[in-house]
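Below is one structure, written out as structure tokens; the observations come after it.
The values are calculated or read from the model by the stated rules, or taken from the named source; none is laboratory data. Note that the structure is predicted; figures quoted are calculated from it, not measured. Positions of Cβ are generated from backbone atoms using ideal geometry, with glycine treated the same way; all protein chains shown enter the neighbour counts.
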Amino acid sequence: MIRVTKKDTRESLESLLRRFNRKVQQSGNVAVVKQKQFFEKPISKIERRRKAIIRQQRKSTKFNKIIKLGPKF
């Protein structure tokens, strides 16, 4: 659930909107709604998750490789 505080007395409308948009983005509700906007077959869900796991593994191995090499001088 998104918690947004009320407008301060000296706060402009633009900063209030910016703060609200930031809270909405951080909550992740927009991403969930966009994802559920269209029907997705269960097989494609499994494939998407599998590809995400592979992507994360590649990223972690790349990061570990950089750590092992140390800083470049």
Which listed residue is among the acidic types (Asp, Glu) and part of a helix (DSSP H, G or I), from Glu40, Glu14:
Glu14
Taking Glu14 as the residue in question, decide whether it is loosely packed, with under 10 Cβ neighbours inside 10 Å and at pLDDT 90 or above.
yes
